[in-house]
1. Could you tell me which residue out of 9, 58, 96 lies farthest along the dipole of region 2-125 toward its positive end? Charges go on the beta carbon: Lys and Arg +1, Asp and Glu -1, centred on the Cα centre.
2. Magnitude of the Cβ-charge dipole of the chain, K/R +1 and D/E -1, about the Cα centre, nearest 20 debye?
3. Could I have the simple spin-label model distance between residue 34 and residue 14, label points 7 Å from Cα toward Cβ, reported in nm to one decimal?
4. Helix 106-125 against the longest principal axis of the chain: what's the angle in degrees, Cα atoms only, rounded to the nearest 10?
5. Looking at the square roots a ≥ b ≥ c of the eigenvalues of the Cα gyration tensor of region 2-125, which shape do they give, rounded for a/c under 1.5, prolate if a/b is larger than b/c, or oblate?
6. Would you work out the charge dipole size for region 2-125 about its Cα centre, treating the Cβ of every Lys and Arg as +1 and the Cβ of every Asp and Glu as -1, and quote it to the nearest 20 debye?
7. Could you put 91, 1, 50 in order, starting from the residue whose Cβ has the fewest other Cβ atoms within 10 Å?
8. If I fit a long axis through the Cα atoms of helix 33-42 and take the longest principal axis of the Cα atoms of the chain, what angle between them do I get, 0 to 90°, rounded to 10?
Amino acid sequence: MRFAILEDSRSQALLLKTMVEELGHEGTVFASALEFRRGLEGQPFDLLLMDWILPDGSGDELLGWVRERFGWSIPVIFVTARVAEGDVASMLRLGADDYVCKPIRYVELSARIEALIRRRALSGSGARDTASLVAGNVALDPAARSALVDGRPVALTGKEFDLALLLLRNLGTLFNRQTLLEKVWEVDAEIDTRTVDTHVSRLRRKLGLEPANGWLLTTVYGHGYRLERCAS
């Protein structure tokens, strides 16, 4: 696999490139947001390792550009010193797949990269994960990452799609917020659980998960969320 590494510190970039190559992948280093943009426009990459603080931009702006320009198929891991609760929540809301704190811990980052690659491979080739799911008036196609409501396409972000897929595959199951963070965002740290609330609210609106449409998306106080079918 080809990794794009965005890191303005020469020593940190060398460490990341060495680690990526020891995992059997190819790493290309970019020292600025401008170089990174040009690099991604000029050649394909399979995974992005990005710093948050850059000499000519910020990680949130650049991640927004990546998602707008290339969609949600490219996994993104932030490697950053910004680990405050609000910063981490912002990374995940904007579409990051994972994050690792600086100073870089080689074993942890390697494990997170391998886990992300494994999850992507399973979602792209596993029979269970690629099978289309139809529930009521909602249809999800994991292979195409597309959603239909009453036969009409609905645009979902990557995490919104993953959350919808989890809830629809487990109708009637009560998920607490921390479990949803672990299963959808693959984060086991205690971060701002309002990330989950925001995505559930968007799903309710985008998919029309209301009793009038045969859905009951319940907020269970102190616990989390449950999606059920109900009489419309």
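Values quoted throughout were computed directly from the atomic coordinates according to the rules given, and no laboratory measurement underlies them. Every value quoted in this text rests on a predicted model; they were computed, and no experiment measured them. Backbone-built Cβ (ideal geometry, glycine too); neighbour counts: all protein chains shown.
1. 96
2. Details: 29 positive and 32 negative charges, 146 e Å.
Roughly 700 debye, rounded to the nearest 20.
3. Label-label distance for residue 34 and residue 14, simple model: 2.5 nm.
4. Roughly 50 degrees between the two axes.
5. Working: a/c = 1.11, a/b = 1.07, b/c = 1.04.
It comes out rounded by the Cα gyration axes.
6. On the way: 15 positive and 19 negative charges, 48 e Å.
The dipole of region 2-125 has a size of about 240 debye.
7. Details: 91 28, 1 15, 50 24.
Listed from fewest to most nearby Cβ atoms, that is 1, 50, 91.
8. It works out to around 70 degrees.
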